[in-house]
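A quick write-up on the structure given underneath.
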Amino acid sequence: MKRSQINDIIVQADEMIRSFGFTLPPIAYWSPDKFKRNATAARSIIDAQCGWDIPDYGASDFEALGLF
């Protein structure tokens, strides 16, 4: 799966979440560079590996198992 496809899915997921009146915290929109610049403030999120991701649970089959 290409990164551009993943980015499109993330945008669609965000739109779906917003359609129900919810928003993600600002940190959900940070770029990898911003995480690096703010590593101290985001340490607990980084350590817990709580990124904004669309997992396929390690199966490498997002089409069949992907979360969004």
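Evaluate the charge dipole of the chain about its Cα centre and quote only its size in Debye, nearest 20, assuming +1 on the Cβ of each Lys and Arg and -1 on the Cβ of each Asp and Glu. Write down the numbers at each step before the final one.
Values: 7 positive and 9 negative charges, 85 e Å.
So the magnitude is around 400 debye.
Which whole-Hz ³J(HN,Hα) couplings does the range 14-25 yield from phi under the Karplus relation 6.51 cos²θ - 1.76 cosθ + 1.60, θ = phi - 60°, glycine and proline marked x?
In residue order, the calculated couplings are 4, 4, 5, 4, 5, 5, 9, x, 10, 10, 7, x Hz.
Expressed in nm to one decimal, what extension gain is obtained for the pair S44 and F68 from 0.36 nm per residue of sequence separation less their Cα-Cα distance?
Numbers: separation 24, 0.36 × 24 = 8.64 nm, distance 2.47 nm.
Contour length minus Cα-Cα distance gives 6.2 nm.
How large, in percent, is the carbon and sulfur part of the accessible surface of the chain at a probe radius of 1.4 Å? Let's see the in-between values first.
Values: 2960 of 5330 Å².
Taking all protein chains in place, the chain shows 56 percent carbon and sulfur surface.
Once you put a point 7 Å from the Cα of D33 and another 7 Å from the Cα of I9, both along the Cβ direction, what distance in nm separates them?
2.6 nm
Applying the Karplus parametrisation 6.51 cos²θ - 1.76 cosθ + 1.60 with θ = phi - 60° to the phi angles of the range 35-44, what ³J(HN,Hα) value in whole Hz is obtained for each residue in order, glycine and proline being reported as x?
Values, residue by residue: 4, 4, 5, 10, 4, 5, 5, 9, 3, 5 Hz.
Counting only the heavy atoms of the protein chains, how much of D33 is accessible to a 1.4 Å probe, in Å² to the nearest 10?
Using a 1.4 Å probe on the heavy atoms, I get roughly 90 Å².
Work out the charge dipole of the chain with +1 on the Cβ of Lys and Arg and -1 on the Cβ of Asp and Glu about the Cα centre, then indicate which of A41, F20, I54 is farthest towards its positive end.
Sorting the options by dipole projection puts first A41.
Suppose all protein chains stay in the model; what accessible area per residue would a 1.4 Å probe give for the chain, in Å²? Intermediate values should be presented prior to the final figure.
Values: 5330 Å² over 68 residues.
Counting only protein heavy atoms, the per-residue value for the chain is 78 Å².
The values are calculated or read from the model by the stated rules, or taken from the named source; none is laboratory data. Since this is a predicted model, take the numbers as computed values, not measurements. No Cβ is skipped: glycine too gets one built from the backbone with ideal geometry, and neighbour counts run over all protein chains shown. Each accessible area value is taken on the protein alone, full model and side chains, heavy atoms only, with ligands, DNA and RNA left out. Shrake-Rupley method; radii C 1.70, N 1.55, O 1.52, S 1.80 Å.
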